[in-house]
Amino acid sequence: MIRSILMGTALSLSLAPALADEIWVTNEIDDTVSVIDARTLEVKATYPTGERPRGITFSKDFKRLYICASDSDAVQVMDPDTGQILHDLPSGEDPEQFVLAPDDRLLYIANEDDAITTVVDTESRKVVTQIDVGVEPEGMGISPDGRIQVTTSETTNMAHWIDTETHKIIANTLVDSRPRHAEFRPDGTELWVSSEIGGTVTVFDTATQAEKGRIGFAITGIQPEKLQPVGMRFSPDGQRVFVALGPANHVAVVNAATLEVERYILVGRRVWHMELSPDQTRLFTTNGVSGDVTVIDLASLEPIATVKVGRFPWGAAARPTPN
Amino acid sequence: MARISVCLALSLFAAPAAAETIRIDWLERQVTPPPVQSNMQARPERLGLDGARLSVADIATTGRFTGMDYQLVETVIPPEAPFLPAAEAALAQGAQLLVVSAPAADLLALADLPAARDALILNTAAPETSLRGVDCRANLLHTLPSVAMRTDALAQFIVTKRWANLAMIAGTLPEDLAYAEALRSSLTKFGLSLAGEKTWPFQSDLRRAATTEVPLFTQDLPDHDLLLIADERGDFGRYVAYNTWLPRPLAGSEGAQPLGWSGVVEQNGAAQLQNRFRDTAGREMAPADFAAWAAIAALGDATTRTATADPAALRSYLLSDRARIAGFLGRPLSFRGWDGQMRQPIPIVTERAVVGLAPFEGFLHAVNELDTLGPDQPETLCTAFQEGP
C-alpha cells in the first residue's frame, strides 16, 4: 500500500513538475469539472462529467471522486488521477447533493425531484434504503461520529434528522424558508442550517435538536432580500463559520461561539459553495453567475485571486497531493 | 437523556395520529373562452386548478412532519350557473380559506358576503389593478400580479435597454384598453413616452392577410425602437410579428411579455417546480397556475409558522414582515400591508427564454425593490387595510 502510494507520487512527479494540492469544481452548465492547482491558482485540467454536475466529494483516500450528475440521474465515480469515469452509482432521480459517511462507504444522496434521501453503498454499488423526506431535499450533513444524518428540504423548510442505524427520521425541525445546506460543527455538538429565502442560519444543539440561535445578515447598500445564505464551512480551528450569501456576492464570517457576524468578504457573483485548501490557508468559493472561483486568504480574510472556471460553478472539493 | 430529548422532538413535529385537517377551498368560476383568430391554442382545462393541486401536494408533504393535514375542496362553477349560491354553499360548509379563480365582479361579490367577512380569500385570476386600489377588500389578498405590476416591469425593462422611441398598437376589447392604459401609465412613471399609437381595426381573417395588411397598417407609425402590443386575448398580436413595415421587436402582449410566470422560467430552482408541474399536469405552467400554487404555498407557510388555521392569524402573519415565502423567483415573496398584493419579481419572457427579471438593477426603493412594481404605499388608493393587519 505504502509502496504503491510512493510509486504513484514518483510517477506524477516526473510527469507533472507543478505538484500541488488541488481544488475540484463542478460546472453545472458545462457538464465538466475544473481542477485548480491550489498553489499556482491555474486550471490544470477540465474533465467531462454527466449532465448538470453539482455535489462533489472525495473518498477518504482521495482515490475516487463522487459527482452528482443531477440530470443524468446518477452519481458518477471518477478516477481523479485520469479524469476517467469508472462507473455510476444508483442514485435515485435528480441527485443534487450528497454526503459521504465517516465510514467512507455509505453515501447519503438528496433526490431533489422525489422528496427522498437515498442511501447507497459505494462498495456493493447497491441502494441500501430510501427515506421519505420533505419536498426538494438538498442540504446534506452527517455528524462526525456518523450517527446522525440530516437532510434539509427546500420547500418543506425543515431539517430531517435521520438515525443512521435504523434509517428512520427521529426529529423534524422547522427552519426559515428554503434551507440549502446543513453542516455539523467539527466536534459534532451543533448543526448549522442555512435558509436561502429566509435569509438566516439556524444553529441547533445536536443532542436535543433544540434551536440555539438564529443568525441574520446585513450589508450596507445591499437589500436584505438579496442576502441569501447557501453554502457553509467551518474554519480549520472551528472558531469561525464562512457563509456564502448567494446573490449578495459576499461571504460572511461568523464567530462560531457568539454567532456574531465579524465581517463580509466580497467575492464573485452568486456565490454557492466553498472549500478549504488542504493546507488550510485558503478558502475557495464557487461563483455561479460570474463563472469563477474566488480565493480568500484565511490569515487576512482578504480575497487574493479570481480563477476563471466553466459555466455556473457549483460544488467544490479539495484533494491534497500525496507526498 | 438522549432518548428523552428524541421523544420531545418527536412530539413537536411528528404526531400524525392527532393530525389537524385544514380545509382549503378552490372556488372557480368557469368563463367561456373568448374567440380568437387562431384555433391552435386552447385554454387548458384545469388552468389554475392544476397549480392548486400541486401546491396542496407540496404542503401536504410538509404536513406529514408537522401533523397538519390539508384538504382541497374543489368547487367549479360552469359558465351558465350562478356563482354566489355555490360560493355561499361552500362558506356554509365551513370554507374559511378560499383560493379563487373568478372575474373581478364575482370576486367582489364573494368578498362582500357576510359569511365571508372573517374568511381569507386569495385572488389568483383577476388582474385588475383597481382590485388592489379603490375596490380593495380587507379579506381579499392577491397572488396574481396586477396589470400595473406587469406593465411597470416591462417599462423598467425598456429603460434598461435604453429604447427611447416607442409605438403601440392596441386592440379594442376592454382588457386591451385596460392593458394599453396601464402601459401608458407605466411609461410615464419611468420617464418614457409613446411616439405614436394606433388602434387595431381589422375584422378580417389575418391568418391569410397579415403579410399584406400589417406592413401597410404599420407604415405610418413614427420610427420606433420597440412596438408595444396591447392584445391580452392573443387575438391579433401574433400576426403582427415579422410583418411590420420597419423590422422592430415587439413587447407587451406579444414578443417580450411581462408575465407572472411562464414555462421558460428555470432559474432559482424553478426547474424543480416546472418538472413537478409537467409531471402532474402534462403541460406548461401558466401564470394562473403559479398564482394558485403561490396562494396555497403561502397558506401552507402561514399555517406551519403560526401553527393555526385561523384566517385572521394567517392574514396577520402573511401581511407581516415575518412572511418570506420561497417562490422560485430569486427573492422572498411577501404581501403588501396596504393592499394585500403579493410582492413578486416579474419575468420578461419570450416563448423560448427569460430575457429579464424585474425589478431591474438600478430601480431603487427605500424598503423593498419589489415595491417599484405596481402601486406603492404612498400612492395607494386602497383604504380597507388602513386599520393595520
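The values are calculated or read from the model by the stated rules, or taken from the named source; none is laboratory data. Here the structure is a predicted model, which is why all the values come from computation and not from measurement. Every residue, glycine as well, gets a Cβ built from its backbone with ideal geometry; the counts of neighbours run over all protein chains shown. What goes into the accessible areas is simple: the full protein's heavy atoms, side chains included, and nothing from ligands, DNA or RNA. Shrake-Rupley method; radii C 1.70, N 1.55, O 1.52, S 1.80 Å.
Overview of results
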item	result
Largest-first ordering by accessible area, 1.4 Å probe, given options A:220, A:164	A:220, A:164
Chain A: C-alpha gyration tensor shape, a/c 1.5 cut-off, then a/b vs b/c	oblate
Ranked order, B:25, B:235 - accessible area, probe 1.4 Å, largest first	B:235, B:25
Shape call, region A:99-230: gyration tensor on alpha carbons, a/c limit 1.5	prolate
Per-residue mean of C-beta atoms belonging to partner chains within 10 Å, peptide B:322-334	5
Charge dipole magnitude, Cβ of K and R +1, D and E -1 - region B:238-389, Cα centre, debye nearest 20	340 debye
Prolate/oblate/rounded call for region A:225-285, Cα gyration tensor, a/c under 1.5 rounded	oblate
Region B:121-147-region B:297-341 distance, computed between alpha-carbon centres (Å)	16 Å
Relative contact order (%) - region B:155-215, alpha-carbon pairs under 8 angstrom, separation at least six	41 percent
CD proxy at 222 nm, helix term only [per DSSP H run n ≥ 4: -39500 (n - 2.57); per residue of chain B; nearest 500]	-11000 deg cm²/dmol
Antiparallel content of DSSP bridges confined to the protein assembly as shown, in %, to 5	75 percent
Average Cα contact separation per residue, region A:36-176, under 8 Å, 6 or more apart, as relative contact order %	13 percent
Mean-position separation - Cα centroids, region B:28-57 and region A:263-323, in angstrom	47 Å
For region A:103-134, residues shielded by at least 40 square angstrom of accessible area compared with the chain on its own, probe 1.4 Å	A:113
Residue of A:194, A:59, A:124 that the Gaussian network model of chain A assigns the largest fluctuation, springs spanning Cα pairs under 10 Å	A:124
When each of A:212/A:308; B:161/B:198; A:226/B:189 is checked by Cα-Cα distance, pairs over 31 Å	A:212/A:308
Within the accessible area of region A:139-185 (1.4 Å probe), percent carbon and sulfur	41 percent
Dipole magnitude of chain A about its Cα centre (Cβ charges: Lys, Arg +1; Asp, Glu -1), debye to nearest 20	700 debye
Gap separating the Cα centres of region A:154-203 and region B:170-227, nearest whole Å	53 Å
Interface B:A - total buried accessible surface [probe 1.4 Å, Å², rounded to 100]	2800 Å²
Within the accessible area of chain B (1.4 Å probe), percent carbon and sulfur	55 percent
Residues in region B:272-308 that, when all protein chains are in place, have 20 Å² or more less accessible area than the chain alone would give (probe 1.4 Å)	B:272, B:275, B:276, B:304, B:305
Relative contact order computed over region A:183-238 (Cα-Cα under 8 Å; 6+ residues apart), in percent	34 percent
Shielded residues, region A:137-165 - accessible-area loss of 30 Å² or more between chain alone and all protein chains, probe 1.4 Å	A:155, A:156, A:158
Percent accessible area from carbon and sulfur atoms, region A:199-241, protein chains only, probe 1.4 Å	48 percent
Average accessible surface area per residue within the protein assembly as shown, 1.4 Å rolling probe, Å²	40 Å²
In Å², nearest 10: area of residue A:122 left accessible to a 1.4 Å probe	10 Å²
Most to least accessible of B:80, B:254, A:302, B:232 (protein chains only, probe 1.4 Å)	B:80, A:302, B:232, B:254
Charged-residue dipole, Cβ positions (Lys, Arg, Asp, Glu), the protein assembly as shown about Cα centre, Debye nearest 20	640 debye
